[in-house]
1. Just to check your reading of the model, which residue among S29, S23 is in contact with a Gly (Cβ under 9 Å, 6 or more places away or on another chain) and modelled with pLDDT of 90 or more?
2. Being crowded, with 17+ Cβ neighbours inside 10 Å, in contact (Cβ under 8 Å) with a residue 40 or more places away in the chain and either hydrophobic (A, V, I, L, M, F, W, C) or on the phi > 0 side of the Ramachandran plot (or both) is the filter here; which residues of the range 9-53 pass it?
3. Name every residue in the range 14-70 that is of a type in the set (K, R) and either out of contact with any helix residue (DSSP H, G or I) (no Cβ under 9 Å at 6 or more places or on another chain) or farther than 20 Å from S2 by Cβ (or both), in order of residue number.
4. Looking at (1) in contact with a strand residue (DSSP E or B) (Cβ under 9 Å, 6 or more places away or on another chain); (2) small (G, A, S); (3) modelled with pLDDT under 95, can you tell me which one G10 breaks?
5. Only one of (1) part of a helix (DSSP H, G or I); (2) at pLDDT below 95 is not met by S35, so which one is it?
6. For the range 52-63, check the following and say yes or no: at least one residue is over 11 Å from the mean Cα position of the chain (by Cα), in a strand (DSSP E or B) and of a type outside the set (V, I, T).
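The values are calculated or read from the model by the stated rules, or taken from the named source; none is laboratory data. Here the structure is a predicted model, which means the values were calculated and not measured. Virtual Cβ from ideal backbone geometry, glycine too; neighbours counted across all protein chains shown.
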Amino acid sequence: MSNAYIIEIGSHTAGIVTRDEHSFRFFSSDRIFDSLEGREFRSARDAERAARAVLQERRRLARAPLLVAF
């Protein structure tokens, strides 16, 4: 079994996860995913889901209209 996996979301290489005795630790390779840096996950698949969620949230925010208060 491998001890490191590359996490790719579409055309983005989000980062890698490395396995230790109990978990997978995420290392970001793109600033978009820095919020996941150092986090531990139960599986590489869980880390991939988290990276997908980060990218989806970023896209959602990019489409949201700006609110202007006067």
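1. Numbers: S23 fails: in contact with a Gly (Cβ under 9 Å, 6 or more places away or on another chain).
Residue meeting the stated conditions: S29.
2. I9, A14, A47, A51
3. Step one: filter the range 14-70 for residues of a type in the set (K, R), giving 19, 25, 31, 39, 42, 45, 49, 52, 58-60, 63.
Selection gives R31, R42, R45, R49, R52, R58, R59, R60, R63.
4. (1)
5. Going through the list (1) part of a helix (DSSP H, G or I); (2) at pLDDT below 95, S35 breaks only (2).
6. no
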